[in-house]
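The values are calculated or read from the model by the stated rules, or taken from the named source; none is laboratory data. Bear in mind that the values here come from a model prediction, so they are computed numbers and not experimental data. Using ideal geometry, Cβ is built from the backbone for each residue, glycine included, and neighbour counts are taken over all protein chains shown. Remember, those area values only see protein heavy atoms, side chains included, never the ligands or the DNA or RNA. Shrake-Rupley method; radii C 1.70, N 1.55, O 1.52, S 1.80 Å.
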Amino acid sequence: MAAVALVSVAHGVRAQPAVPAALVEDVSAGVAGVDAFDYVPVGKQVQLGGAGKLVLGYLASCVEETIVGGTVTVGSEQSTVVGGAVQRKTVPCAGKPMQLSDEQSGKSGGLVFRRPPSANTTTAPAPPADRPRVIPSAGPVISLPKPGRLTLARIDEKAAPLVLDLPAKPVDLGKRGVHLVPGGTYRASYGTNAIVFEVDAHSTGETSPLARLIRF
């Protein structure tokens, strides 16, 4: 009876997905266990050896770490590094994205990089009263929870939206050849969720992936 009870309990327990603590912004070739633009959970260990390099961006604290060598243990706001060197700086980032209601977000369809069929998709609602987050580069990093379709629509003036099919892993749009207009205000829509953001009018190019991260 005890054995049956134990088996029943075991079947009733399901592994919960690990909550991401940091984004791997860059990693040296040959470092095992992580790739660029992976999310890593608290407790994850990475062996860098003598000269391996790892750059982490922490989602909650906005701390960006450049680590060379040693053993790295991921924490909730920063790493513990044994036998290596670490440099830390704080970058502007968003711990939680600003999401709009279903009515505000709207819906649109279409093929990748093509104008959606609906003629109404270029007519956008007014931006929210709160100033949207400013992305310091014309090439944001987009992170979806599941593979899906993202629509980027400019809402400060009329322009044809971009529709992109993206994987669940964070994607650097700049490296995909997608460059938004400096100074423009955009609405990124995924399913029933949307995030409004501005592109820095004085954007000069690539910056920290954590500072450019838009996460649904």
Exercise for review: Restrict the search to region 139-177; then list the trypsin sites (Lys or Arg not before Pro) that DSSP places in a loop and that have at most 14 other Cβ atoms within 10 Å of their Cβ.
Suggested key: LYS158
Review point. What FRET efficiency, computed as 1/(1 + (r/R0)^6) with R0 = 22 Å and r the Cβ-Cβ distance, is obtained for ARG133 and LYS169, rounded to the nearest 0.05?
Key: 0.50
Exercise for review: Taking H placed 1.01 Å from N in the peptide plane, check which residues at least 5 places from ASP156 or on another chain put their amide H under 5 Å from its amide H.
Suggested key: THR185
Check your understanding: When the Karplus curve 6.51 cos²θ - 1.76 cosθ + 1.60 is applied with θ = phi - 60°, which whole-Hz ³J(HN,Hα) does each residue of region 180-193 get, with x for Gly and Pro?
Key -> 7, 8, x, x, x, 10, 10, 10, 9, 10, 9, x, 9, 9
Revision key, fill the gap. Residues whose modelled amide H sits under 5 Å from the amide H of LEU59, counting only those 5 or more places away in sequence or on another chain, are ALA22, LEU23
Review point. Taking amide H positions as placed 1.01 Å from N in the peptide plane, with prolines and chain starts having none, which residues 5 or more places from VAL134, or on another chain, fall under 5 Å of its amide H?
Key: GLU198
Practice item. Starting from the Cα-Cα distance between VAL42 and ALA160, subtract it from 0.36 nm times their residue separation and give me the gain in nm to one decimal. Key: 38.4 nm
Revision key, fill the gap. Residue-ordered couplings for region 162-167, obtained by feeding phi - 60° into the Karplus form 6.51 cos²θ - 1.76 cosθ + 1.60 and rounding to whole Hz (Gly and Pro as x), are 9, 10, 10, 8, 10, x
Review point. What's the local net charge at VAL34, with K and R +1, D and E -1, over the other residues with C-beta under 12 Å away?
Key: -2
Study note, to complete from the structure: Heavy-atom accessible area per residue of region 163-216, all protein chains kept, 1.4 Å probe, expressed in Å², is 39
Study note, to complete from the structure: Each label sits 7 Å from Cα toward the beta-carbon; between ASP26 and LYS89 the label points are separated, in nm, by 1.1
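For VAL68 and HIS179 in the same chain, what is the full-extension length gain: residue separation times 0.36 nm, less their Cα-Cα distance, in nm? Provide the component values of the computation, followed by the final result.
Details: separation 111, 0.36 × 111 = 39.96 nm, distance 3.17 nm.
My answer for the length gained is 36.8 nm.
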Point to revise | Per-residue ³J(HN,Hα) for region 31-40, Karplus 6.51 cos²θ - 1.76 cosθ + 1.60, θ = phi - 60°, Hz, x for Gly and Pro | key: 7, 8, x, 9, 10, 4, 6, 7, 8, 10
